[in-house]
Amino acid sequence: MDYRVANSFEGKLVDGQVVALGLGLYTPFNPNVPDLNSYYESGGVYGDSAMKEAVLPDKGGATWAGVLPGPEEPQ
């Protein structure tokens, strides 16, 4: 995961897990909320600014230019 996103999640993750909402877009995973679709409805989005504007423009969070998908994401 991009270091800028990782720094934003410092101390906020349970077991270091995140949900990838799109290429280069993440939100913290909550083990009490296993329905991954629900993460599109609530919470903030962290990652690539252009991708966020394209797919989740109304969500809060923090974005930066040039955040690429992590190696753990499908290519």
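The values are calculated or read from the model by the stated rules, or taken from the named source; none is laboratory data. As the structure is a prediction and not an experimental result, all values here were calculated from the model. Heads up, the Cβs are rebuilt from the backbone with ideal geometry, glycines too, and the neighbour counts pull from every protein chain shown. Just the protein is used for accessible areas: all its heavy atoms, side chains included, with ligands, DNA and RNA removed. Shrake-Rupley method; radii C 1.70, N 1.55, O 1.52, S 1.80 Å.
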Could we say that K59 is open to solvent by 40 Å² or more (accessible area, probe 1.4 Å) and either within 12 Å of the chain's Cα centre (by Cα) or not polar (S, T, N, Q) (or both) here? yes
Can you confirm whether the stretch 11-20 contains a residue that is outside any strand (DSSP E or B) and touching a Lys or Arg at 6+ places or on another chain (Cβ under 9 Å)? no
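Residue by residue, here is whether (1) open to solvent by less than 50 Å² (accessible area, probe 1.4 Å); (2) part of a strand (DSSP E or B); (3) modelled with pLDDT of 95 or more holds:
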site: V5; (1), (2), (3): yes, no, yes
site: G47; (1), (2), (3): yes, yes, yes
site: A50; (1), (2), (3): no, no, yes
site: V67; (1), (2), (3): yes, no, yes
Among L21, L13, L25, L36, which is the only one that is open to solvent by 60 Å² or more (accessible area, probe 1.4 Å) and either of a type in the set (A, V, I, L, M, F, W, C) or touching a Ser or Thr at 6+ places or on another chain (Cβ under 9 Å) (or both)? L36
